[in-house]
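These notes are about the structure you will find just below.
The values are calculated or read from the model by the stated rules, or taken from the named source; none is laboratory data. Since this is a predicted model, take the numbers as computed values, not measurements. Using ideal geometry, Cβ is built from the backbone for each residue, glycine included, and neighbour counts are taken over all protein chains shown.
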Amino acid sequence: MNFSAPNQFAPDPNLKVFLNGHIVPLAQATINVFDHGLLYGDGVFEGIRAYGGRVFRLEAHLQRLAESARAIRLHIPMTPQELAEATLDTINANRITDGYIRLVVTRGVGYLGVSPARTGNPSVFIIASQIELYPRELYEKGMAIISCSVIRNHPNAVSPRIKSLNYLNNILAKIEALDAGVHEAVMYNHLGYVAECTGDNIFVIRKGVVMTPPTAAGLLEGITRDAVIELLEKRGLPFKEINLTRHDLYVADEAFLTGTAAEVIPVTKIDNRPIGDGQPGMITRQLIADFRNLVNGRG
Ligand code: PXG
(Lines give C-alpha, C1' and ligand atoms only; values in the text may rest on other atoms or scores of the structure.)
Protein backbone atom coordinates (compact mmCIF):
# COMPACT_ATOMS: atom_id res chain seq x y z
CA MET A 1 0.00 0.00 0.00
CA ASN A 2 1.20 3.49 -0.79
CA PHE A 3 0.70 5.55 2.33
CA SER A 4 1.32 8.75 0.40
CA ALA A 5 -1.47 8.37 -2.16
CA PRO A 6 -3.27 11.59 -3.18
CA ASN A 7 -5.55 12.72 -0.37
CA GLN A 8 -9.14 11.88 -1.24
CA PHE A 9 -10.36 13.41 2.01
CA ALA A 10 -9.70 17.09 1.37
CA PRO A 11 -11.15 19.20 4.20
CA ASP A 12 -14.18 21.36 3.52
CA PRO A 13 -12.76 24.81 2.57
CA ASN A 14 -15.72 26.47 4.32
CA LEU A 15 -14.62 25.08 7.67
CA LYS A 16 -14.10 27.60 10.46
CA VAL A 17 -11.30 26.90 12.88
CA PHE A 18 -10.55 28.29 16.33
CA LEU A 19 -6.93 29.42 16.44
CA ASN A 20 -5.39 31.29 19.37
CA GLY A 21 -8.48 33.18 20.42
CA HIS A 22 -10.14 33.74 17.02
CA ILE A 23 -12.44 31.77 14.78
CA VAL A 24 -10.99 32.01 11.28
CA PRO A 25 -11.59 30.42 7.86
CA LEU A 26 -9.63 27.21 7.28
CA ALA A 27 -7.25 28.91 4.82
CA GLN A 28 -6.16 31.33 7.56
CA ALA A 29 -5.78 28.64 10.23
CA THR A 30 -2.09 28.10 9.65
CA ILE A 31 0.68 26.93 11.96
CA ASN A 32 4.23 28.23 11.76
CA VAL A 33 6.80 25.73 10.46
CA PHE A 34 8.90 26.46 13.58
CA ASP A 35 6.09 25.28 15.88
CA HIS A 36 7.46 22.50 18.09
CA GLY A 37 4.14 20.67 17.80
CA LEU A 38 5.08 20.11 14.17
CA LEU A 39 8.87 19.83 14.53
CA TYR A 40 8.85 17.43 17.49
CA GLY A 41 5.28 16.31 18.15
CA ASP A 42 5.58 18.47 21.24
CA GLY A 43 1.99 19.05 22.28
CA VAL A 44 -1.21 17.41 23.46
CA PHE A 45 -4.69 16.96 22.08
CA GLU A 46 -8.20 15.65 22.60
CA GLY A 47 -10.71 14.00 20.28
CA ILE A 48 -14.26 14.79 21.38
CA ARG A 49 -17.75 14.01 20.01
CA ALA A 50 -20.92 16.02 19.81
CA TYR A 51 -24.26 14.21 19.66
CA GLY A 52 -27.55 16.00 19.06
CA GLY A 53 -25.97 19.39 19.76
CA ARG A 54 -24.45 18.31 23.07
CA VAL A 55 -20.74 17.71 23.61
CA PHE A 56 -20.17 14.29 25.18
CA ARG A 57 -18.24 14.45 28.46
CA LEU A 58 -16.49 17.72 27.67
CA GLU A 59 -15.38 18.16 31.28
CA ALA A 60 -13.66 14.77 31.33
CA HIS A 61 -11.87 15.57 28.06
CA LEU A 62 -10.69 18.95 29.39
CA GLN A 63 -9.50 17.27 32.58
CA ARG A 64 -7.50 14.73 30.59
CA LEU A 65 -6.09 17.50 28.38
CA ALA A 66 -4.97 19.38 31.51
CA GLU A 67 -3.30 16.23 32.84
CA SER A 68 -1.57 15.51 29.52
CA ALA A 69 -0.29 19.11 29.45
CA ARG A 70 0.85 18.91 33.05
CA ALA A 71 2.73 15.68 32.33
CA ILE A 72 4.75 17.36 29.59
CA ARG A 73 5.14 20.66 31.51
CA LEU A 74 3.07 22.55 28.96
CA HIS A 75 1.13 25.57 30.13
CA ILE A 76 -2.25 25.91 28.41
CA PRO A 77 -2.87 29.64 27.96
CA MET A 78 -6.65 29.25 28.45
CA THR A 79 -8.74 28.15 31.44
CA PRO A 80 -10.92 25.00 31.17
CA GLN A 81 -13.94 27.34 31.09
CA GLU A 82 -12.46 29.29 28.16
CA LEU A 83 -11.59 26.04 26.36
CA ALA A 84 -15.16 24.81 26.86
CA GLU A 85 -16.57 28.07 25.45
CA ALA A 86 -14.16 28.01 22.51
CA THR A 87 -15.19 24.41 21.77
CA LEU A 88 -18.89 25.33 21.74
CA ASP A 89 -18.20 28.46 19.65
CA THR A 90 -16.32 26.35 17.09
CA ILE A 91 -19.07 23.76 16.70
CA ASN A 92 -21.66 26.53 16.45
CA ALA A 93 -19.60 28.41 13.83
CA ASN A 94 -19.67 25.24 11.72
CA ARG A 95 -23.35 24.47 12.52
CA ILE A 96 -22.37 21.05 13.78
CA THR A 97 -24.79 19.12 15.95
CA ASP A 98 -23.31 15.65 15.42
CA GLY A 99 -19.61 15.64 14.78
CA TYR A 100 -16.09 15.37 15.95
CA ILE A 101 -13.95 17.99 17.66
CA ARG A 102 -10.16 18.03 17.68
CA LEU A 103 -8.67 20.27 20.36
CA VAL A 104 -4.90 20.72 20.10
CA VAL A 105 -2.33 22.57 22.17
CA THR A 106 1.21 22.80 20.80
CA ARG A 107 4.37 24.02 22.49
CA GLY A 108 4.42 26.92 20.05
CA VAL A 109 7.02 28.55 17.83
CA GLY A 110 10.63 27.93 18.83
CA TYR A 111 14.14 27.45 17.53
CA LEU A 112 15.52 24.43 15.70
CA GLY A 113 16.43 22.53 18.81
CA VAL A 114 14.30 20.33 21.03
CA SER A 115 14.48 22.53 24.10
CA PRO A 116 11.01 23.72 25.12
CA ALA A 117 12.79 26.49 27.02
CA ARG A 118 13.34 28.21 23.69
CA THR A 119 9.74 28.34 22.55
CA GLY A 120 7.29 31.20 22.69
CA ASN A 121 3.59 30.96 23.39
CA PRO A 122 1.73 27.66 23.11
CA SER A 123 -0.82 27.51 20.28
CA VAL A 124 -4.39 26.36 20.80
CA PHE A 125 -6.57 25.31 17.91
CA ILE A 126 -9.90 23.58 17.61
CA ILE A 127 -11.28 21.82 14.52
CA ALA A 128 -14.95 20.81 14.39
CA SER A 129 -15.68 18.34 11.64
CA GLN A 130 -16.82 14.76 11.10
CA ILE A 131 -15.17 11.41 11.68
CA GLU A 132 -15.97 7.89 10.56
CA LEU A 133 -13.18 5.59 11.56
CA TYR A 134 -14.60 2.22 10.56
CA PRO A 135 -17.13 1.12 7.92
CA ARG A 136 -20.71 1.11 9.28
CA GLU A 137 -21.30 -2.58 8.58
CA LEU A 138 -18.54 -3.63 11.00
CA TYR A 139 -20.75 -2.50 13.89
CA GLU A 140 -23.20 -5.27 12.85
CA LYS A 141 -20.76 -7.91 11.63
CA GLY A 142 -17.84 -7.27 13.94
CA MET A 143 -14.29 -6.44 12.98
CA ALA A 144 -11.08 -8.41 12.62
CA ILE A 145 -7.93 -7.25 14.37
CA ILE A 146 -4.38 -8.53 14.74
CA SER A 147 -1.76 -8.73 17.45
CA CYS A 148 1.06 -6.51 16.34
CA SER A 149 4.81 -6.71 16.85
CA VAL A 150 5.23 -3.05 17.76
CA ILE A 151 4.95 -2.80 21.54
CA ARG A 152 3.20 0.11 23.25
CA ASN A 153 5.50 2.84 24.55
CA HIS A 154 7.08 1.96 27.88
CA PRO A 155 5.14 3.88 30.55
CA ASN A 156 8.38 5.39 31.83
CA ALA A 157 9.39 6.61 28.37
CA VAL A 158 6.36 8.55 27.11
CA SER A 159 3.41 7.43 29.19
CA PRO A 160 0.53 6.18 27.04
CA ARG A 161 -1.68 8.07 29.51
CA ILE A 162 -0.52 11.28 27.83
CA LYS A 163 -2.57 12.04 24.73
CA SER A 164 0.40 13.62 23.01
CA LEU A 165 0.90 14.78 19.44
CA ASN A 166 3.57 12.11 19.05
CA TYR A 167 1.53 9.19 17.73
CA LEU A 168 4.30 7.36 15.89
CA ASN A 169 4.10 4.38 18.23
CA ASN A 170 0.45 3.97 17.27
CA ILE A 171 1.02 4.80 13.61
CA LEU A 172 3.63 2.04 13.26
CA ALA A 173 1.15 -0.40 14.76
CA LYS A 174 -1.63 0.90 12.50
CA ILE A 175 0.57 0.33 9.44
CA GLU A 176 1.04 -3.27 10.55
CA ALA A 177 -2.74 -3.64 10.83
CA LEU A 178 -3.34 -2.13 7.38
CA ASP A 179 -0.63 -4.36 5.86
CA ALA A 180 -2.47 -7.34 7.34
CA GLY A 181 -5.75 -6.14 5.78
CA VAL A 182 -7.46 -5.18 9.05
CA HIS A 183 -8.40 -1.87 10.68
CA GLU A 184 -6.93 -2.25 14.15
CA ALA A 185 -4.10 -3.92 16.02
CA VAL A 186 -3.72 -4.94 19.64
CA MET A 187 -0.55 -3.53 21.13
CA TYR A 188 1.12 -5.42 23.96
CA ASN A 189 3.28 -3.72 26.57
CA HIS A 190 6.94 -4.28 27.43
CA LEU A 191 5.91 -7.15 29.75
CA GLY A 192 3.85 -8.91 27.11
CA TYR A 193 0.46 -7.96 28.54
CA VAL A 194 -2.29 -6.45 26.42
CA ALA A 195 -2.24 -2.64 26.55
CA GLU A 196 -4.70 -1.25 23.99
CA CYS A 197 -5.26 -0.79 20.26
CA THR A 198 -3.84 2.07 18.17
CA GLY A 199 -6.80 4.37 18.80
CA ASP A 200 -9.13 2.31 20.97
CA ASN A 201 -9.25 0.53 24.31
CA ILE A 202 -10.00 -3.19 24.35
CA PHE A 203 -12.38 -5.29 26.44
CA VAL A 204 -12.92 -9.07 26.47
CA ILE A 205 -15.66 -11.18 28.00
CA ARG A 206 -15.20 -14.73 29.25
CA LYS A 207 -17.77 -16.74 31.20
CA GLY A 208 -19.85 -13.61 31.71
CA VAL A 209 -17.01 -11.54 33.21
CA VAL A 210 -16.06 -8.36 31.36
CA MET A 211 -12.34 -7.59 31.53
CA THR A 212 -10.06 -4.78 30.41
CA PRO A 213 -6.39 -4.07 31.15
CA PRO A 214 -5.64 -1.72 34.07
CA THR A 215 -4.14 1.70 33.30
CA ALA A 216 -0.84 0.48 34.79
CA ALA A 217 -0.54 -1.79 31.73
CA GLY A 218 0.25 1.42 29.81
CA LEU A 219 -2.81 2.73 28.03
CA LEU A 220 -4.82 5.85 27.48
CA GLU A 221 -7.57 6.13 30.08
CA GLY A 222 -10.31 6.36 27.50
CA ILE A 223 -13.35 8.51 28.17
CA THR A 224 -15.40 5.88 26.31
CA ARG A 225 -13.73 3.14 28.39
CA ASP A 226 -14.87 4.95 31.56
CA ALA A 227 -18.38 5.39 30.17
CA VAL A 228 -18.61 1.68 29.32
CA ILE A 229 -17.36 0.70 32.80
CA GLU A 230 -20.16 2.84 34.27
CA LEU A 231 -22.69 1.11 31.99
CA LEU A 232 -21.41 -2.30 33.14
CA GLU A 233 -21.80 -1.27 36.76
CA LYS A 234 -25.33 0.01 36.07
CA ARG A 235 -26.27 -3.36 34.58
CA GLY A 236 -24.58 -5.18 37.45
CA LEU A 237 -22.37 -7.13 35.06
CA PRO A 238 -19.26 -8.69 36.61
CA PHE A 239 -16.23 -6.57 35.67
CA LYS A 240 -12.49 -6.73 36.33
CA GLU A 241 -9.55 -4.53 35.42
CA ILE A 242 -6.91 -7.20 35.00
CA ASN A 243 -3.74 -7.90 33.03
CA LEU A 244 -4.55 -9.87 29.90
CA THR A 245 -2.30 -12.00 27.73
CA ARG A 246 -2.68 -13.00 24.10
CA HIS A 247 -4.12 -16.29 25.38
CA ASP A 248 -6.93 -14.37 27.09
CA LEU A 249 -7.84 -12.83 23.73
CA TYR A 250 -7.79 -16.23 22.00
CA VAL A 251 -10.10 -17.89 24.55
CA ALA A 252 -12.51 -14.94 24.96
CA ASP A 253 -16.23 -15.47 24.28
CA GLU A 254 -16.63 -11.84 23.16
CA ALA A 255 -14.45 -8.79 22.59
CA PHE A 256 -15.04 -5.16 21.74
CA LEU A 257 -13.16 -1.89 21.35
CA THR A 258 -14.07 1.53 22.74
CA GLY A 259 -13.06 4.99 21.59
CA THR A 260 -14.43 8.44 20.89
CA ALA A 261 -14.34 7.86 17.14
CA ALA A 262 -15.03 4.10 17.23
CA GLU A 263 -17.67 4.28 20.01
CA VAL A 264 -18.29 0.59 20.93
CA ILE A 265 -17.43 -1.86 18.15
CA PRO A 266 -17.48 -5.67 18.32
CA VAL A 267 -14.33 -7.65 17.55
CA THR A 268 -15.06 -11.06 16.09
CA LYS A 269 -11.65 -12.19 14.90
CA ILE A 270 -8.11 -11.84 16.15
CA ASP A 271 -5.01 -13.10 14.35
CA ASN A 272 -7.41 -14.85 11.98
CA ARG A 273 -9.03 -16.83 14.82
CA PRO A 274 -12.74 -16.38 15.46
CA ILE A 275 -13.62 -14.96 18.88
CA GLY A 276 -16.37 -17.09 20.47
CA ASP A 277 -18.65 -18.19 17.63
CA GLY A 278 -17.30 -15.47 15.33
CA GLN A 279 -20.39 -13.27 15.76
CA PRO A 280 -20.82 -10.12 17.88
CA GLY A 281 -21.69 -11.35 21.38
CA MET A 282 -24.87 -10.74 23.41
CA ILE A 283 -23.23 -8.59 26.09
CA THR A 284 -21.36 -6.56 23.46
CA ARG A 285 -24.59 -5.88 21.56
CA GLN A 286 -26.31 -4.85 24.78
CA LEU A 287 -23.47 -2.42 25.55
CA ILE A 288 -23.61 -0.95 22.07
CA ALA A 289 -27.31 -0.23 22.63
CA ASP A 290 -26.66 1.16 26.13
CA PHE A 291 -23.89 3.40 24.79
CA ARG A 292 -26.15 4.70 22.03
CA ASN A 293 -28.78 5.61 24.63
CA LEU A 294 -26.16 7.27 26.79
CA VAL A 295 -24.77 9.54 24.07
CA ASN A 296 -28.26 10.42 22.94
CA GLY A 297 -29.10 11.54 26.45
CA ARG A 298 -31.35 8.60 27.26
CA GLY A 299 -28.79 6.88 29.48
N1 PXG B 1 -6.28 4.60 23.14
C2 PXG B 1 -5.69 5.42 22.26
C3 PXG B 1 -4.26 5.23 21.95
C4 PXG B 1 -6.43 6.45 21.67
O5 PXG B 1 -5.86 7.28 20.80
C6 PXG B 1 -8.39 5.70 22.90
C7 PXG B 1 -7.59 4.72 23.46
C8 PXG B 1 -9.82 5.83 23.31
O9 PXG B 1 -9.97 6.96 24.15
P10 PXG B 1 -11.32 7.81 24.18
O11 PXG B 1 -11.10 8.82 25.22
O12 PXG B 1 -11.48 8.41 22.81
O13 PXG B 1 -12.42 6.86 24.52
C14 PXG B 1 -7.80 6.61 21.99
C15 PXG B 1 -8.60 7.69 21.36
C16 PXG B 1 -8.30 9.07 15.40
C17 PXG B 1 -8.94 9.12 16.74
O18 PXG B 1 -8.24 10.13 14.78
C19 PXG B 1 -8.42 8.36 17.76
C20 PXG B 1 -8.99 8.44 19.05
C21 PXG B 1 -10.06 9.23 19.27
C22 PXG B 1 -10.58 9.98 18.23
C23 PXG B 1 -10.01 9.93 16.95
O24 PXG B 1 -7.85 8.00 14.99
N25 PXG B 1 -8.39 7.69 19.99
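Being under 23 Å from residue 223 (Cβ atoms) and either in a helix (DSSP H, G or I) or of a type in the set (Ser, Thr, Tyr) (or both) is a description that does not apply to residue 166. Examine the range 252-266 for a residue that is under 30 Å from residue 168 (Cα atoms), within 15 Å of the ligand (Cβ to nearest atom), in contact with a helix residue (DSSP H, G or I) (Cβ under 7 Å, 6 or more places away or on another chain) and part of a helix (DSSP H, G or I), and state whether such a residue exists. Checked against the condition, which is being under 30 Å from residue 168 (Cα atoms), within 15 Å of the ligand (Cβ to nearest atom), in contact with a helix residue (DSSP H, G or I) (Cβ under 7 Å, 6 or more places away or on another chain) and part of a helix (DSSP H, G or I), the range 252-266 yields no hits at all.
Of all positions in the range 143-162, none carries a residue that is assigned by TED's automatic domain parsing to the domain that holds residue 259 and in a helix (DSSP H, G or I). If we scan the range 172-186, do we find a residue that is at pLDDT 95 or above, over 28 Å from residue 9 (Cβ atoms) and of a type outside the set (Ser, Thr, Tyr)? No - not one qualifying residue is present in the range 172-186. Set side by side, the residues 83, 65 differ, and just one is crowded, with 21+ Cβ neighbours inside 10 Å and either within 12 Å of the ligand (Cβ to nearest atom) or of a type in the set (Asp, Glu) (or both), which is 65.
Exactly one residue out of 15, 39 is surrounded by 15 or more Cβ atoms within 10 Å (Cβ to Cβ) and more than 27 Å from residue 220 (Cα to Cα): that is 15. When the test is whether a residue is exposed (fewer than 14 other Cβ atoms within 10 Å of the Cβ), within 16 Å of the ligand (Cβ to nearest atom) and not assigned by TED's automatic domain parsing to the domain that holds residue 158, residue 46 does not pass it. Of all residue pairs spaced 6 or more apart or on separate chains, those with beta-carbon atoms under 6 Å, a first member in the range 128-150 that is closer than 22 Å to residue 278 by Cβ and of a type in the set (S, T, N, Q) and a second member that is part of a loop (DSSP other than H, G, I, E, B) and away from the ligand (no atom under 14 Å from the Cβ) are 147/271. Of everything in the range 167-207 that is within 13 Å of the chain's Cα centre (by Cα) and of a type in the set (S, T, N, Q), the residue that is nearest to residue 267 (Cα to Cα) is 201. The residues on offer are 242, 223, and the sole one that is modelled with pLDDT of 95 or more and more than 16 Å from the ligand (Cβ to nearest atom) is 242.
On the given criteria, is residue 88 in contact with an Asp or Glu (Cβ under 8 Å, 6 or more places away or on another chain), more than 16 Å from the ligand (Cβ to nearest atom) and free of Cβ contacts under 8 Å to residues at least 60 places away in the same chain? In short, no.
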